[in-house]
1. Within the range B:65-108, restricting attention to residues that are of a type in the set (S, T, Y) and modelled with pLDDT of 90 or more, which residue is surrounded by the fewest Cβ atoms within 10 Å (Cβ to Cβ)?
2. B:T145 passes all but one of (1) under 23 Å from B:L74 (Cα atoms); (2) surrounded by 17 or more Cβ atoms within 10 Å (Cβ to Cβ); which number fails?
3. Within the range B:130-138, identify whether any single residue is buried (at least 19 other Cβ atoms within 10 Å of the Cβ) and either within 12 Å of the chain's Cα centre (by Cα) or over 30 Å from A:Y82 (Cα atoms) (or both), and answer yes or no.
4. In this structure, does B:F203 turn out to be touching an Asp or Glu at 6+ places or on another chain (Cβ under 8 Å), of a type outside the set (D, E) and at negative phi?
5. Here is a check on your reading of the model: is B:K162 in contact (Cβ under 8 Å) with a residue 12 or more places away in the chain and surrounded by 20 or more Cβ atoms within 10 Å (Cβ to Cβ)?
6. Quick check on the range A:76-85. Is at least one of its residues exposed (fewer than 13 other Cβ atoms within 10 Å of the Cβ) and either over 16 Å from A:I161 (Cα atoms) or modelled with pLDDT of 95 or more (or both)?
7. Among the residues of the range A:182-204, is there at least one that is over 21 Å from A:F83 (Cβ atoms), β-branched (V, I, T), facing chain B (nearest Cβ under 10 Å) and under 22 Å from the mean Cα position of the chain (by Cα)?
8. Is there any pair with a first residue in the range A:71-97 that is touching a residue at least 24 places away in the same chain (Cβ under 8 Å) and facing chain B (nearest Cβ under 10 Å) and a second that is among the acidic types (D, E) and buried (at least 21 other Cβ atoms within 10 Å of the Cβ) whose Cβ atoms are under 7 Å apart and which are 6 or more apart or on different chains, and what are they?
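The values are calculated or read from the model by the stated rules, or taken from the named source; none is laboratory data. Note that the structure is predicted; figures quoted are calculated from it, not measured. Methodologically, a virtual Cβ is constructed for each residue, glycine included, from the backbone with ideal geometry; neighbour enumeration extends over all protein chains shown.
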Amino acid sequence: MRKVRDFSLMDLEFILEFSPMYLEAAMLTIRIALIGIVASFITGLFCSIVKYLKIPVLVQFINLYIELSRNTPLLIQLFFLYFGLPKIGILLSSESCAIIGLTFLGGSYMAEALRTGIDQVTKIQTESAFSLGMKKSQVIRYIILPQAFTTSIPALCANMIFLIKETSVFSVVALADLMYVAKDLIGIYYKTDEALLMLVLSYLLLLLPISVICSMVERRMRYAGFGNTGTV
Amino acid sequence: MQDLGIQVLFRGTNFLRLWQGLWVSLQIAAISMLFSVILGIFLGMIMTGKNRIVRLLCRIYLETVRIMPQLVLLFLVYFGTAKHFGLDLSSEVSAVIVFTFWGTAEMGDLVRSAFLSIPSHQYESGYALGLQKWQVFFHIMIPQTVRRLLPSSVNLLSRMIKTTSLVVLIGVVEVVKVGKQIIDAARYDVPTSALWVYGTIFFMYFLICFPFSIASSYLEKRLKD
């Protein structure tokens, strides 16, 4: 016979006692995700500008990087960074592993998102700018990037959420993030329900506001299209 | 040449074992993808419907999948079901459940947007020409939807393969686990084996996913209407 379990039975005291641990882990997740996202964005920006300018040699390297990073899982990248590289003398702390891994992964996603935006800037825009006597750097800075940025906001937002979600694998490099704490508590106290509930709640509290803000920004930015009227 | 770490790959059947390990996660990805495509098409059609409550429920489902990391879902199913439903799910089965749950949402969203992206004059002209509802559906809607859907679903498949690398964390013996065994076995005589083994796994994933990435962009260019 199967036992009927009472679902409402949660150890509240346990939850209260260990919620500071989750808070701390969440702060760590936020910190690393923030650094990773900013670094990814910079990497992506650099890659997309190089791709736009078609700088020889560099562009091939960047294409290789983008393909490598887009077609391999973050988990494997982390294993390589954390367990593989020390064997040739490159010792990285868990935190720098996590940040490097996240940037390596995120850079290519951001580059792709920005590239789509850059592609959508119409030729008439850049050519008018050139005919007004702007230099290439000015065209990129004042004409292409502002427009590319607004059109790629939905993709950038999606990437942001994707990268924050990807931080959940950082426990494999011994970083005390949310997953790590949950796994620990399950292992030590066998309070599976409470640990999992708090885990789900933490991610919900972390990502729901971002998701909502993102869709608000997307809706507002939809009207900011310039030069290509009829943006839906 | 004795201390070259790469030799660990050619010891015994190590290299073959790594591929066998990858095959395990590929199988999980393939099965989950199959279910996801079937269920996702249904979900996509339901989401284009008129019923507000159904659409709200779908929205909640999509948002859940969008927010929760797949690893959290894996933990929930793997640890949660054992306790509450008395089910002793193997890690492979929990993985298939989770990735189907995730993939169905992604696929459903793709199907929905593919459906909605067909301009209304397409099916209205169909009706104007006197086609029946099912004829419009089969001759006008389906071919165009498939066209729009193919590149993005190939892309989803490669994401599915990448995401299934997580299953090692709930104890499936797949490529990373096999890699760890190889590293542990050679701990003393080949100290640099970790670099080579994880490097190899990295490129194995690349070799599997790269063709899909090419296929996806090829299809995108080819099927542009």
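1. B:T100
2. For B:T145, the exception is condition (1).
3. no
4. So B:F203 fails the test.
5. Answer is yes for this residue.
6. There is no residue in the range A:76-85 that is exposed (fewer than 13 other Cβ atoms within 10 Å of the Cβ) and either over 16 Å from A:I161 (Cα atoms) or modelled with pLDDT of 95 or more (or both).
7. Within the range A:182-204, one or more residues are over 21 Å from A:F83 (Cβ atoms), β-branched (V, I, T), facing chain B (nearest Cβ under 10 Å) and under 22 Å from the mean Cα position of the chain (by Cα).
8. A:L74/A:E166
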